[in-house]
Amino acid sequence: MKTLSSNVKVFGSFHFAESCTFDPDRNVIVAMNAANARDQGSPPPLTPNDGFASLINPDGSVHTSKWIGATRDGLTLVHPLGSAIQGGTLYVNDGNYIRTFDLKTGTPKQAFEVKEALNLNGIGVAPDGTMYASNTGSATVPENKQRIYKVTPSGESSVFVDGAPLNLPNGVAIDPQGNVVVVNIGSNDVQTFDKTGKLVKTEHAKEAGNDGLVVLPDGTKYVSSVRFGSVSKIAPGKEAEVIAEGIPSAASMCYDSKQNQLVIPMNPNNALAFIKLGGR
């Protein structure tokens, strides 16, 4: 692993933080945690229903250590991975379920089962509430499909993209035109699919092993590599450039639109990395 870039600040107080998302109304970061997680690389049995969400201030300090999960009344959250915010709702991938929560109160809402999925990873949610979630799958286990699933607001699930050109798909986001953008662990491809699932554009991050994806309103994309610890910037019409490196297990990051910064969970390192962006 390379030395941490000087423009990166790191704050702890998490447990296997895999993803985060930003709530602009309260100006806080929502970080997903798994209480009994894969700290040593070889996963132990997960403690049943022990995941939680923290609220983090934009300076990295803790707002609420256990916002969702302080009590388990009506709550099922085992091992939360990807998360997204849309229309006052927090969406969280948890096994083969997409669980939803009221963004103001943290109260559990609906849970949508994707029966064919084994472990949903990244998620992007369109303005109309349609959910797109990756099942990263496996190159060696045929029944663990490399797919993107589409789930309607009423909970009907279908396969959006199946197999190639996906290559261990991970992060998912919706671009300003409503297209579905996907990054892959198995390659440095940044793939844009239209609403029918047709591949319409392929860009490239600087490195492969990618997890996190942020798409800004102007079309600029930021991609984090969980394997190589770097962050690539892809400006429209330009080649990718590395803006930070040396971030171990750089996972499913989010964009803090008020402070103009990227926030990157670091999985078993139990921390978040913050990168201030320029131009504002």
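Values quoted throughout were computed directly from the atomic coordinates according to the rules given, and no laboratory measurement underlies them. Keep in mind it's a predicted model, so treat the numbers as computed, not measured. As a convention, Cβ positions derive from the backbone with ideal geometry for all residues, glycine included, and neighbour counts pool all protein chains shown.
Using a Förster distance of 25 Å, how high is the FRET efficiency between residue 4 and residue 260, based on the Cβ-Cβ distance and rounded to 0.05? Spell out each step's value before the answer.
Values: r = 20 Å, r/R0 = 0.82.
Plugging the Cβ-Cβ distance into 1/(1 + (r/R0)^6) gives 0.75.
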Exercise for review: Calculate the spin-label point distance for residue 144 paired with residue 118, positioning each point 7 Å from the Cα along the beta-carbon direction, and give it in nanometres.
Suggested key: 0.4 nm
Review point. Can you pull out the GluC sites (Glu not before Pro) in segment 194-272 that DSSP calls coil and that have at most 16 other Cβ atoms within 10 Å?
Key: 239
Check your understanding: How about segment 78-180: which GluC sites (Glu not before Pro) there lie in a loop by DSSP and see at most 14 other Cβ atoms within 10 Å?
Key -> 116, 143, 156
Check your understanding: Going down the list 198/221; 109/145; 206/238; 145/221; 150/233, which pairs span over 23 Å between their C-alpha atoms?
Key -> 109/145; 145/221; 150/233
Review point. Which trypsin sites (Lys or Arg not before Pro) from segment 62-116 combine a DSSP loop assignment with at most 14 other Cβ atoms within 10 Å?
Key: 72, 104, 115
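By how many nm would the segment from residue 200 to residue 61 lengthen if fully extended, with 0.36 nm per residue of separation less the alpha-carbon distance? Kindly include the intermediate steps, with their values, before the conclusion.
Values: separation 139, 0.36 × 139 = 50.04 nm, distance 4.07 nm.
Gain on extension, residue 200 to residue 61, equals 46.0 nm.
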**Study point:** Counted charge near residue 114, where neighbours are those whose Cβ lies closer than 10 Å (Asp, Glu -1; Lys, Arg +1)
**Key:** +1
Revision key, fill the gap. Once the in-chain neighbours fewer than 8 apart are removed, the lysines whose Cα is under 17 Å from residue 66 read 104
